[in-house]
1. Which is the longest part of the chain that has none of the GluC sites (Glu not before Pro) sitting in a DSSP loop with at most 15 other Cβ atoms within 10 Å?
2. What net charge is computed for the residues neighbouring E9, neighbours being all others with C-beta under 14 Å from the C-beta of E9, Lys and Arg scored +1, Asp and Glu -1?
3. What is the magnitude of the charge dipole of the chain about its Cα centre, with +1 placed on the Cβ of each Lys and Arg, -1 on the Cβ of each Asp and Glu, and no other charges, expressed in debye to the nearest 20?
4. Run a plain Debye calculation on the chain (Cα atoms as equal point scatterers, no solvent) and give log10 I(q)/I(0) at q = 0.10, 0.13 Å⁻¹, rounded to two decimals, same order as the q list.
5. Tell me the net charge near P97. Cut-off is 10 Å between Cβ atoms, P97 excluded, with +1 for each Lys or Arg and -1 for each Asp or Glu.
6. Considering the dipole of the chain built from charges on the beta carbon (Lys and Arg +1, Asp and Glu -1) around the Cα centre, which of V60, P97, G23 is farthest to its positive end?
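The numbers here are math on the coordinates, done by the rules we state, and not lab data. What you see is a predicted model, and the numbers here were worked out from it, not measured in a lab. Quick reminder, even Gly has a Cβ in these numbers, built from the backbone with ideal geometry, and neighbours come from all protein chains shown.
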Amino acid sequence: MTVRFVASEEDGGTVTEVAADPGSNLLDLAHSFGVPVATLCGGNLACRCCRVALLEGAEVSAPASREREALEEVGAAPDERFACQTTVEGDVVVLIPPLDEMLS
Ligand code: FES
């Protein structure tokens, strides 16, 4: 399966396409390939700065109740997920917001 990370235009619009095994964590996968998805908590759903958007049709794990609550608290759009809480189940396109937005 293929995961395509698309950086924001502000961050250069770089597209990084990688092969992924089923069950790969999206944040770990991004960092393995040098894709800058922000994290301050190491993936514990505490910093909430790893929020990314997934293009329609993305094959990923369903959010657990803890993540659903966190998404609701930050007013996330329906296509948004926390990368640290998302695992890959098929082809996925990930839109990464500007880094300064992720860290604000
Ligand atoms: S890395 Fe902190 S919430 Fe995902």
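1. Between the exposed loop sites, the longest stretch runs 1-55.
2. After counting each charged neighbour, the total is -4.
3. 280
4. Treating every Cα as an identical point scatterer, log10 I(q)/I(0) equals -0.23, -0.39.
5. -4
6. Looking along the dipole axis, the top candidate is G23.
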